[in-house]
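Q: Just dropping this structure here.
The values are calculated or read from the model by the stated rules, or taken from the named source; none is laboratory data. Note that this is a predicted model, so its numbers are computed, not measured. Every residue, glycine among them, receives a Cβ derived from its backbone with ideal geometry; neighbour counts consider all protein chains shown.
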Amino acid sequence: MGSRRIRLPPKALRLCGPMFSDDAYFLASACREADRLVHSFGLRASSRLLDVGCGVGRLAIGIIDRLGPIQAYRGTDVDPRYVRWCQKHIQHAHPTFQFVTIDVGNPRYNPGGPAVAGDFRHPFDDGSFEIVYLYSVFSHMETEQVRIYLRDFRRLLASNGRLFFTSFAEEGVPDLSINPKGYRREWSGPLHCVRYRRGFLESLLESSGFKVDRFDYETETDGQSAFACSLKDLPADQ
Ligand SMILES: C[S@@+](CC[C@H](N)C(=O)[O-])C[C@H]1O[C@@H](n2cnc3c(N)ncnc32)[C@H](O)[C@@H]1O
């Protein structure tokens, strides 16, 4: 690990399953995510990155360990407790890392929040990021919200921008299934597991202006798959 270690979040706030309550596991997973972005997405000190559904800053902690400050890291989440922890313990010491609460309803993580509007925009300018990243976030979101987010990511990405996300994605299943019985493990509570048919998800990406460059099946937490995407139909002057 690098020498720029920062405080890890309290175990009670950690996400993604019980194994993440182990400090070594949490930090190794954080660094692995940063390494993936360095090696496969060109993340470097001059990069601008948006981490949607950042939780308690796992990716940010990995990036700080591996690279130190980058030009701009922005983390968003619908749960203000996570954002407050990240602001106090990460943003305060590393001011190019900034965290924002987004008040978008999610039956699991922000049950009282408003339904996302069709014209929803994240609070960032057009073309602000080279990388948009979501780990285990679409796995808790239904179709309309995914569609609205993807459309906005198209706006937020620079012309050479890339999108990375994880999702439950399978062949030969309904377009969308919520907490499917007998699938991988027991699911409980609202939107614990939102599973998509892979082709359906790819059609959402396609209609939002993305193409899938790489698909890695069940390589991620709980058997989620990883999608690496770039923009299609670049403007003529690119
Ligand atoms: C399983 S956790 C993953 C956290 C983090 N990405 C990680 O890998 O450690 C899912 C996160 O997505 C957030 N989330 C859920 N719906 C969201 C939405 N519509 N917009 C932004 N964040 C959302 C949750 O509050 C939660 O922090």
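Q: Tell me, yes or no, whether segment 25-32 has at least one residue that is modelled with pLDDT of 85 or more, under 21 Å from residue 166 (Cβ atoms) and aromatic (Phe, Trp, Tyr). Before you say what the answer is, go through the steps one by one.
A: Taking segment 25-32 first, the residues modelled with pLDDT of 85 or more are 25-32.
Subset that is under 21 Å from residue 166 (Cβ atoms): 25-32.
Those left that are additionally aromatic (Phe, Trp, Tyr): 25-26.
Yes, that holds for at least one residue.
Q: Being within 20 Å of residue 70 (Cα to Cα) and either among the β-branched types (Val, Ile, Thr) or at pLDDT below 95 (or both) is the filter here, so list the residues in segment 111-132 that pass it. Write out each step before concluding.
A: Restricting attention to segment 111-132, the residues satisfying the condition of being within 20 Å of residue 70 (Cα to Cα) are 123-132.
Once the filter is applied, which keeps residues that are within 20 Å of residue 70 (Cα to Cα) and either among the β-branched types (Val, Ile, Thr) or at pLDDT below 95 (or both), segment 111-132 yields 131, 132.
Q: Please go through segment 198-217 and give me each residue that is charged (D, E, K, R), farther than 9 Å from residue 229 by Cα and surrounded by fewer than 18 Cβ atoms within 10 Å (Cβ to Cβ), ordered by number.
A: Step one: of segment 198-217, the residues charged (D, E, K, R) are 198, 202, 206, 211, 213-214, 216.
Then keep just the ones that are farther than 9 Å from residue 229 by Cα; that gives 198, 202, 206, 216.
Within segment 198-217, 206, 216 qualify.
Q: Which one of 147, 108 is farther than 21 Å from residue 15 by Cβ and within 13 Å of the ligand (Cβ to nearest atom)? Break it down stepwise before answering.
A: On the way: 108 fails: farther than 21 Å from residue 15 by Cβ.
Only one candidate qualifies: 147.
Q: Residue 142 is checked against (1) at pLDDT 95 or above; (2) near the ligand (Cβ under 9 Å from one of its atoms) and fails just one. What number does that condition carry?
A: Answer for residue 142: the failing condition is (2).
Q: For segment 129-238, give me every one of the strands (runs of 3 or more DSSP E) that falls completely inside it and has 1 or more residues that are among the small types (Gly, Ala, Ser) and touching a residue at least 40 places away in the same chain (Cβ under 8 Å).
A: Numbers: elements: 129-134, 157-170, 176-178, 194-197, 210-216, 225-231.
By residue number, 157-170, 225-231.
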